[in-house]
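Structure, as structure tokens:
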Amino acid sequence: MTKILVTGSLGQIGSELVPTLRKKYGNENVIATDIRPNAPTFICEEGPYEILDVLNNSRFEELIKEYEIDTVFHLAGLLSATGERFPQKAWDLNINSLLSVLEFGRKYQFKRIFWPSSIAAFGPTTPKDNTPNETILQPNTMYGVTKVTGELLLEYYWQKFGLDTRCMRLPGIISSETPCGGGTTDYAVEIFYEAIEHNHYTCFVKPETKLPMMYMPDLLKSITMLMDADVAKLEHHVFNITAMSFTAEELVQEIQKHRPNFTVEYKPDFRQTIADSWPRSIDDSSARKEWGWKHDFGLTEMTKDMLEKLINSKKIFDQN
Ligand code: SER
């Protein structure tokens with residue numbers, strides 16, 4: 001019986017991954033944790049919810065013992081834009097907590113650990129188009145530095161102690177359940193909320209900015225596939241993964257097909273420099289070969305579904 005602990009459960013990814021894992025493994029077997037006390041009912045009533053600051057080692061270890069955890073999805077972390085404002089905090093949170101998880105994994109003989117890396121592991125010297133799995137990793141953001149370091153730690157614990165660590169370099173994730181915060185790819189999510197609520201968006205990257213992206217249903221599918229993959233077939237522990245790449249302008253045009261009155265102005269800020277340091281498109285052929293990765297949503301399908309989901313959720317007021 002698998003017993004899973006998820007950190008950062010109330011974040012953009014956690015809030016959708018927890019229900020997915022609970023459906024697959026049973027509500028009681030997935031312990032959602034986050035630093036915030038006010039978890040929404042669908043997280044804290046369907047299964048266990050515990051308050052956890054991932055830098056509090058003794059509390060973390062208590063929970064692992066109490067629930068006999070054997071698998072951790074370690075999602076708590078600071079994203080790229082916030083990381084540039086608070087570099088030391090980004091290092092502490094992203095790396096010190098990962099090191100604790102890896103040490104717990106060794107001590108309690110975890111079956112598996114999932115940790116998300118990011119396209120932020122790449123930098124200005126990395127090839128920008130169809131970026132390979134094995135390539136130059138010289139990021140120029142603190143977030144990127146933590147992602148490269150984390151990848152090396154996962155590899156080290158795998159090689160040295162045989163700990164089964166699995167990791168994907170996530171592109172920008174677009175989703176409708178929980179708004180994101182603190183990232184550079186956030187514009188591709190915010191734009192949908194603003195299109196519905198105000199028919200207008202002020203975009204913080206230039207129209208020609210092109211980045212790799214993925215829609216949440218594909219992300220949930222990919223995490224499940226990677227965690228289920230036969231270890232004997234894995235040549236990597238860190239995988240490039242993607243579903244689509246588009247410019248900010250292409251996204252605007254796609255939204256305008258559904259909402260012709262939608263307007264955008266561009267006011268690039270410090271996040272433009274971060275976006276410019278990342279690849280435009282990703283080669284994820286290793287994921288496709290080693291564990292059968294295949295995406296379902298491109299720009300057209302994602303845009304249609306996002307707008308429908310947000311409007312139907314009634315969480316925001318539709319101006320149309
Ligand atoms: N979406 C993240 C960010 O923009 C990248 O991993 O920071």
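The values are calculated or read from the model by the stated rules, or taken from the named source; none is laboratory data. From a predicted model like this one, the values you see are computed outputs, not experimental measurements. FYI the Cβ positions are ideal-geometry reconstructions off the backbone, even for glycines, and counts take in every protein chain you see. Note: areas computed on protein heavy atoms with side chains; ligands, DNA, RNA excluded. Shrake-Rupley method; radii C 1.70, N 1.55, O 1.52, S 1.80 Å.
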- [ ] Any residue in segment 134-160 that's without any contact (Cβ under 8 Å) to a residue 24 or more places away in the chain: show its pairings with residues that are buried (at least 22 other Cβ atoms within 10 Å of the Cβ) at Cβ separation under 8 Å, as long as the two are six or more apart or on different chains.
- [x] THR135/PHE122; ILE136/PHE122; LEU137/ALA121; LEU137/PHE122
Task: helices (runs of 4 or more DSSP H) wholly inside segment 225-314 that include at least 1 residues being out of contact with any Leu (no Cβ under 6 Å at 6 or more places or on another chain) and within 25 Å of ASP164 (Cβ to Cβ) - done: 285-291
TODO: For LYS206, indicate whether it is in contact (Cβ under 8 Å) with a residue 24 or more places away in the chain and in a loop (DSSP other than H, G, I, E, B).
DONE: yes
Task: Close pairs from segment 244-271: first acidic (Asp, Glu), partner outside any helix (DSSP H, G or I), Cβ under 6 Å, at least 6 apart - done: GLU249/PRO207; GLU265/THR202; ASP269/PHE204
Task: Whichever residue in segment 15-39 is among the small types (Gly, Ala, Ser) and over 18 Å from the mean Cα position of the chain (by Cα) and, among such residues, is modelled with the lowest pLDDT - done: ALA39
Open item on the list: Condition check: within 14 Å of the ligand (Cβ to nearest atom) and farther than 25 Å from LEU163 by Cβ. Does THR126 satisfy that?
Closed with: no
- [ ] Those residues that are within 14 Å of the ligand (Cβ to nearest atom) and not in a loop (DSSP other than H, G, I, E, B), I need them from segment 132-150; list them, please.
- [x] MET142, TYR143, GLY144, VAL145, THR146, LYS147, VAL148, GLY150
TODO: Only residues that are crowded, with 20+ Cβ neighbours inside 10 Å and farther than 23 Å from TYR215 by Cα: list them for segment 159-195, please.
DONE: LEU163, THR165
Open item on the list: Please list, ordered by residue number, the strands (runs of 3 or more DSSP E) wholly in segment 29-115 having 2 or more residues that are open to solvent by less than 10 Å² (accessible area, probe 1.4 Å).
Closed with: 30-34, 71-74
